[in-house]
1. Ranked highest first by the average count of other Cβ atoms within 10 Å around their residues, in what order do 107-115, 213-221 fall?
2. Please give me the summed charge of the neighbours of Y126: other residues whose Cβ is under 15 Å from its Cβ, Lys and Arg +1, Asp and Glu -1.
3. Run the accessible area of the stretch 77-138 with a 1.4 Å probe and give the carbon-and-sulfur part as a rounded percent.
4. Trypsin sites (Lys or Arg not before Pro), restricted to the stretch 128-236: which are DSSP loop and have at most 14 other Cβ atoms within 10 Å?
5. Output the peptides 53-65, 76-88 sorted from most to least packed, where packing is the average of other Cβ atoms within 10 Å over each peptide's residues.
6. Within the accessible area of the stretch 174-236, what % is carbon and sulfur when the probe is 1.4 Å and the other protein chains stay in place?
Amino acid sequence: REEEMGDDDEEELGLLQHAQDAAEGDEPNAQTAPPPPAPRLHGSLYPEHELTPPLLEILEEERHTPAKNITTLLTMFAVVLVLNLLKGGGAHGSPLGIVCGSPGFWAANALLIAWIGAVAAFCRSYLVDRYHAKAALGYRYVEGDIEWCPRATLAYPAVCCLAGFFAGMFGIGGGIVKGPLMLAMGVHPKVAAASSACMILFTSFTATTSFYVFGLLVPDYAGACLCVGFAATYVG
């Protein structure tokens, strides 16, 4: 009886030792715990090892409005404004002596279109180069971002040109087309509304200069509309 109890104790001790060895990782076939996940930065989009210096530079630039983009927009707007005034109109003659319908008048219009086309080509080249750089670095887009691939940089501006054409021909607001277009592109509704209001500011101001040189601008009416429109846009 004592011999049987001794064998049972030895078997129990063996089982306990086996369980202890497995818990301590001494068992060859024991499964080890997986390593902790690598820390993720920038909104948990990127593991730390993927954040190379070029990618960090792009991420930092995306956090702010690039000064170069603002400078390009304002420069294009200023040149268009100056060319509109230099052409003159019925109420205010051209400082350069340009007469409506003359070769100089059409040359000024051609120069205006060429300038806008050159700025558009420059912007497209910048956006496409940046798209390829992001793709090479593994940049991850979030909701509301626009992927300015080569196709998008042609399709979306073409639709906006049509919107501007019909706005000028029939007097409709270009925002009727550009607002839904930006929503279709995946832009956040608040960003789409703000962008549309910003674009209308420039287009309306350019149209105002045309009304001025042709003597069609009523000063008191224009001043009231400016104040009301600015206040409503700011509040909205």
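1. 107-115, 213-221
2. Taking every Cβ under 15 Å from that of Y126, the sum is 0.
3. 75 percent
4. Values: sites: R130, K134, R140, R151, K178, K190; in loops: R140, R151.
The qualifying sites are R140, R151.
5. Peptide ranking by packing, descending: 76-88, 53-65.
6. Values: 3380 of 4320 Å².
Roughly 78 percent of what the probe reaches on the stretch 174-236 is carbon or sulfur.
The values are calculated or read from the model by the stated rules, or taken from the named source; none is laboratory data. None of the values given here were measured: they were computed from a predicted structure. Every residue, glycine as well, gets a Cβ built from its backbone with ideal geometry; the counts of neighbours run over all protein chains shown. Each accessible area value is taken on the protein alone, full model and side chains, heavy atoms only, with ligands, DNA and RNA left out. Shrake-Rupley method; radii C 1.70, N 1.55, O 1.52, S 1.80 Å.
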